[in-house]
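The values are calculated or read from the model by the stated rules, or taken from the named source; none is laboratory data. Every value quoted in this text rests on a predicted model; they were computed, and no experiment measured them. We place every Cβ from the backbone using ideal geometry, glycine too, and count neighbours over all the protein chains shown. With ligands, DNA and RNA removed, areas are computed over all heavy atoms of the protein, side chains included. Shrake-Rupley method; radii C 1.70, N 1.55, O 1.52, S 1.80 Å.
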Amino acid sequence: MGAAGVARLHGLFATYKPPGLHWKHLRDTVELQLLKGLNAGKPPAPEQRVRFLLGPVEGSEDKELTLTATSVPTLTNHPLVRGPAFTSLKIGVGHRLDAQASGVLVLGVGQGRSLLTDMYNAHLTKDYTVRGLLGKATDDFREDGRLVEKTTYDHVTREKLDRILSVIQGSHQKALVTYSNLDLQTQEAYEMAVKGLIRPMNKSPMLITGIRCLHFAPPEFLLEVQCMHETQKQLRRLVHEIGLELKTTAVCSHVRRTRDGFFTLDDALLRTQWDLHSIQDAIQVAAPRVAAELEKNLRLGLGTQQLYGPGWQGDNEGPSPALEGWTAGGAAGG
């Protein structure tokens, strides 16, 4: 395989991280499998060198010895002498998932690690499905956390939940405009807002660009959340805050990322596919889409900088978007 195999490994690909697996362990497992594949290839033929070997003279009845020029293989580069040809690979991890969360996790190999930085600078949105459970509260907002409180939830309806979600989405969309530092009085900025192309140009708290209920069967409910600059703990806290707004409590039982930028679940390699050939194929298939999407989004970011309002400053922190406009503790935005 050698250098040709390594050349096909520069780029981005997506894996599916199962719950309970730390992202570092996933990265190390992928690296181990790639090294195993690279070193499993047939080694090149050894170089030959001329040596003068002592031997009997052909056709002589006497026990005369003579030196004969002979071509013999050089063993200095043999795998059993030198060891494996590849001992480490540079693998970067994109937007991380904590141990309890699952879903799409993007990795970059070799030169692909710089593309992870481009993904970060593009401020791409990500999609999650978040499962909540009404009726109890824990210290870490997770279902298996230390129980703090139990409450009733018979009064909670789908209509009440949808109303709370609409308020959350509206408040975060206002915060998104604030953090983008756009002057909406311009036609270009207004059109970007209508098309949903506004992006924050600096660090910000979690910003939710879309949220809706996919399934409601008390005590369980399932949300689809589109957001950026989030952590999985903030998404669990969001479920807790929604419970408070519904005059009850709620914990998060599952967080699953279904899309990270332009990588979806369909692109994610399962654990049985974390081998050299599958990863090489995934990188090659994704490469044209990665290049096109990054160019489009980074160009969009450069165009946005020209639409800043007159009061913009490059390091503007802006007001906290949290849950401006609703009352449940004001912290679900992170």
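So here's what we get for this one:
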| quantity | calculated |
| --- | --- |
| Conditions (1) open to solvent by 10 Å² or more (accessible area, probe 1.4 Å); (2) touching a residue at least 12 places away in the same chain (Cβ under 8 Å): number failed by residue 288 | (2) |
| Segment 11-42 - residue that is open to solvent by 70 Å² or more (accessible area, probe 1.4 Å) and modelled with pLDDT under 95 and, of those, farthest from residue 107 (Cα to Cα) | 42 |
| Residue tally, condition in contact (Cβ under 8 Å) with a residue 60 or more places away in the chain, under 24 Å from residue 31 (Cβ atoms) and not in a strand (DSSP E or B), over segment 103-145 | 7 |
| Condition met for residue 236 (surrounded by fewer than 22 Cβ atoms within 10 Å (Cβ to Cβ) and not assigned by the TED database to the domain that holds residue 15) | no |
| Subset of segment 113-135 [open to solvent by 20 Å² or more (accessible area, probe 1.4 Å) and more than 21 Å from residue 256 (Cα to Cα)] | 113, 114, 115, 117, 118, 121 |
| Test for residue 71: is it surrounded by 12 or more Cβ atoms within 10 Å (Cβ to Cβ), of a type in the set (S, T, N, Q) and modelled with pLDDT of 80 or more | no |
| Out of 249, 231, sole residue that is of a type outside the set (Asp, Glu), assigned by the TED database to the domain that holds residue 140 and open to solvent by 20 Å² or more (accessible area, probe 1.4 Å) | 231 |
| Residues of segment 263-273 classified as outside any strand (DSSP E or B) and either modelled with pLDDT under 95 or surrounded by fewer than 20 Cβ atoms within 10 Å (Cβ to Cβ) (or both), total | 6 |
